[in-house]
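Each value in this text was obtained by applying a stated rule to the coordinates, not by laboratory testing. The model shown is predicted, which means the values in this text are computed figures rather than measured ones. Glycine also receives a Cβ, built like all others from the backbone with ideal geometry; neighbour counts cover every protein chain displayed.
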Amino acid sequence: MASQFNSSGPPRDPAAADDRGLAPRAGGDDPFALLGLSPAYDVDLAALERAFFERSKQLHPDRMASAPAAERVAVLSRSRALNDAYQLIKKPIPRAEYLLARAGVTIGDNERLDPAFLMEILELREELAEARAAENTELVARLQGAMQARRTQALEALPGLFAASDMKAIKDRLIVLRYINRYLEECDAALDEA
Amino acid sequence: MLMQIAEPGESKIKEACKPRVVGIDLGTTNSLSAHVADAAPEVIDGDGGPLVPSVVHYAADGGVIVGRPAQARAIEAPHDTLASVKRLIGRGAKDLAAVRAMLPYELVGDDRAIRIRVAGGRRVVSPVEVSAEILRELKARAEAALGGPIEGAVITVPAYFDDAQRQATRDAGRLAGLEVMRLLAEPTAAAVAYGLDRGSTGTYAVFDLGGGTFDVSILKLVDGVFEVKATGGDSALGGDDLDRLIVMALIPAVADLDRRTIGAAVAEARRVKEALSDLALDKVTFELAVPADLPRAGSNGIVHQVLGQRGAQYVTVCDRLIDGQPTSAASDCTTCMPGRYRHDVTRAQLAEFAQPLLKRCGKACGRVLKDAELDKAELDGVILVGGSTRSPVVRDYVATWFARQPLCDLDPEQVVALGAAVQADVLAGGKQNVTLLDVVPLSLGIEMMGGVVEKLIHRNTTIPTGATQIFTTYADNQTGFDIHVVQGERETADACRSLARFVLRGVPPMVAGMGRVEITFLIDADGLLKVMAKELTTGKEASIEVVPSYGLSDEEVEQMLIDSFEHAEDDLARRNLAIERVEAERILAATRAAFASDAALLDDDVRAAGEAAMRDLEAAMAGTDYLAVRDKISALDVATKPFAQLRMNRAIAAQLHGVSLDDAARKVGV
């Protein structure tokens, strides 16, 4: 599985760096390697957490608080890289986006979207905006629930697509997921206001 | 046997080698410090226990008093006695509009930073300086207790403090002459104390309701690792608010009262609230002296104090009156005294008054569980932290909300300092097996064109962390980037907290979208932010340690530090003088009262000597030499000793005979 990826990491394409949810990579560190894992979408979350905790015990800046300044700076940046790697791998979407970028496929700012989906999401956004304006929290909660179901559905498709290395399909799903996430963020904001 | 003899010496040597570091809980209401002696953390005791009330009194003569003696001044000098200053730290005028009316002292300053006018209007201080006074007091106590200078401190902050509030707290530590080793989130510190004490493993919620801040954190504890899964809360919500809610419920016309009376009303509300923490009581009387110059009206010879709208028909405040009519003959209405307001408060009423506050807590709990992607049934326990969780009203709410009995076997007011002491020990190279993985409480981002926020770092990201993002020019021939750093969850910059603004100039003129700037956010283990910007076509860089939009710049802190060194001796003398004067006043008042009440026990010689000593003491108090005041206090003590001895004998005799002091006094013929 690992061999099909370029081990030098993804290209530092400015457009890629601009992407939401794509965490930074200090000095081209491979987040999977930092946690002793091979790069793959399927991750054993319990094992990931164990690996993160074990490495944190060694790498955390608190362990080196009395070390010379230069060493502390190095420790801080290693600790940052480790934390960021954990965040990236832990969450399915950043993990998928990273693996996609690593395979040389990037998601730009103006990607084409399935027109049917675009129409639908525009309508749903309108409905949400109206519910928000009318302070209809029940409706907002219902819209949120429906969208969460779609998110789960979209995520469930990813393991199969990664197994088949269908990068095009993965990319399409991830673009859809961005719209879904933005919508869910808006639902959260609306419910917070209430 | 030999082992036992050798042991104390050995531990002394160990003690001597160990760096003297402490954990400090700088609280809204009370502050305290703790340290790790051998293995377990212990709180550091001082006069009257480990807690130092977070109250600072600025006397007109320049003296500064901290803690209990300052608290004693709050009623008579509310403008110069600052409490709950933690609510002001790192904040601007805009943030404080809501609480301003309820504060007894005068806030000045602009939107950038709040200042308080004190010392009879002669001095203006910042919340950072006030907090530094509290920290100095804690430092002095710790140095006295540990027998030497403090080499470092971990200071706790509410998990939900934003970057400006954290920076300001760190500045206060520096100003107090402390080496701030780390800022640590309060609920995380509490979890450390619990985790070590009980050897707990699992996922816990920490419900931390202090005097002025509320945090709720979800932590996972595994083999010495404390990972914060999510944190939430409200850095302007606490027990203080409940005091205010009580006052507003009992006195609808509170805005008509003067500041001194409002201060007294809030203090009385706190007393009632605390008294109701005692489960044996289910009703406590709220009682307040009201100034005589408020409009009042008579009824059947009894004067009811008016607390209604000024000049309008008064709202009676006597709880014996219903709808303005006495429930019984007016002559029975003993609770209606001129100038006094009385009202019984039941625990059920207290719970009702607290509802708005508790609902906000519940909402934050819901959000933090969602962020942690957990159901409350998946938690292994709920830990109570903060003085306000002593209240049964709060405990009941937490128990109901989480559907389980919360843990409170460690003192909720000490647990944060204990955890901070452990972390200080770890940072000083101690052997504790503790690794803390804390998070950013609020998202950090940049204001984009049109005022929307682009988040670079999302809330609940483990720290230290960083993020880099590239932004492009918006207009043709744009030659600079105006970078506005904000913190918060709202979509627009004006609804978020403004942390800093800076400008990156020298971008070569290009078509819109061609100029590119790379912005990097770095967050260290204290949760403090550093921002760097790099123009990519020329490689021009700008970097700032976020100079807070609120609070103090580094230069201001430096200047204050220089000033404080220059005036350190003066300050110390002034502080001592202020303390001695308070003590002298207390003793004078007590002596006069005793002379008046027990005149029969007083022979002429003792009376003359005592009165002379009192005059001497008063003369010393008018001067500026605190040592002279201290001497005269001792002299008065000596002069009145025979009298005190007689009083003591009589009290003992009365005790032995099982009669009250009043009876004894009558028998003596007073």
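The residues packed around B:Ala59, meaning those with a beta-carbon under 9 Å from its beta-carbon, carry a net charge of +1 if Lys and Arg are +1 and Asp and Glu are -1.
Loop-resident chymotrypsin sites (Phe, Trp or Tyr not before Pro) (DSSP state other than H, G, I, E or B) in segment B:422-489 with no more than 15 further Cβ atoms inside 10 Å of their Cβ: B:Tyr474. Against the main long axis of the alpha-carbon atoms of chain A, helix A:115-133 sits at an angle near 80°. Please compute the net charge surrounding B:Leu82, taking Lys and Arg as +1 and Asp and Glu as -1 over other residues with Cβ under 12 Å from its Cβ. Around B:Leu82, the charge tally is +2. Once the Cβ-Cβ distance of A:Lys57 and B:Asp409 is raised to the sixth power relative to R0 = 25 Å, the FRET efficiency obtained is 0.35.
Could you list, in their original order, any pairs among B:Lys86/B:Lys363; B:Lys455/B:Lys534; A:Lys57/A:Lys90; A:Lys91/B:Lys534; B:Lys94/B:Lys363; A:Lys91/B:Lys359 whose Cα atoms are separated by more than 20 Å? Let's see the in-between values first.
Values: B:Lys86/B:Lys363 23 Å; B:Lys455/B:Lys534 18 Å; A:Lys57/A:Lys90 18 Å; A:Lys91/B:Lys534 29 Å; B:Lys94/B:Lys363 24 Å; A:Lys91/B:Lys359 31 Å.
Beyond 20 Å: B:Lys86/B:Lys363; A:Lys91/B:Lys534; B:Lys94/B:Lys363; A:Lys91/B:Lys359.
Restriction of the trypsin sites (Lys or Arg not before Pro) in segment A:109-182 to DSSP coil positions whose beta-carbon has at most 11 other beta-carbons within 10 angstrom yields A:Arg112.
Could you work out how much longer the chain between A:Ala157 and A:Asn110 gets when fully extended? Use 0.36 nm per residue separation minus the Cα distance between them, nm to one decimal.
Working: separation 47, 0.36 × 47 = 16.92 nm, distance 2.36 nm.
Full extension from A:Ala157 to A:Asn110 adds 14.6 nm.
Work through the residues other than B:Met621 whose Cβ is under 9 Å from its Cβ and net out their charges, Lys, Arg +1 and Asp, Glu -1. Could you put the intermediate results ahead of the total?
Numbers: positive: B:Arg581, B:Lys632; negative: B:Glu580, B:Glu585, B:Glu618.
Spelling it out: positives minus negatives among the neighbours equals -1.
Relative to the longest principal axis of the Cα atoms of chain A, the long axis of helix A:137-163 makes an angle of roughly 50 degrees. Modelled spin-label separation between B:Asp603 and B:Glu287, with each label point placed 7 Å from Cα along the Cα-to-Cβ direction: 4.0 nm.
Each label point was placed 7 Å from the Cα along the Cα-to-Cβ direction; for A:Glu123 and A:Leu191 their separation is 2.4 nm.
Gain in length, B:Leu536 to B:Val511, computed as 0.36 nm per residue apart minus the alpha-carbon separation, to one decimal in nm?
Additional length available on full extension: 7.5 nm.
Taking R0 as 25 Å, what's the FRET efficiency between A:Ala74 and A:Leu184 from their Cβ-Cβ distance, rounded to 0.05? Mind dumping the intermediate values first?
Numbers: r = 38 Å, r/R0 = 1.54.
With R0 = 25 Å, the Cβ-Cβ based efficiency is 0.05.
Using 0.36 nm times the number of residues separating B:Glu151 and B:Ile75, minus their current alpha carbon distance, what extension gain do you get?
Working: separation 76, 0.36 × 76 = 27.36 nm, distance 3.68 nm.
Working it through step by step, the gained length comes to 23.7 nm.
In this label model, B:Val503 and A:Ala134 are separated by 4.8 nm, measuring between points 7 Å along each Cα→Cβ vector.
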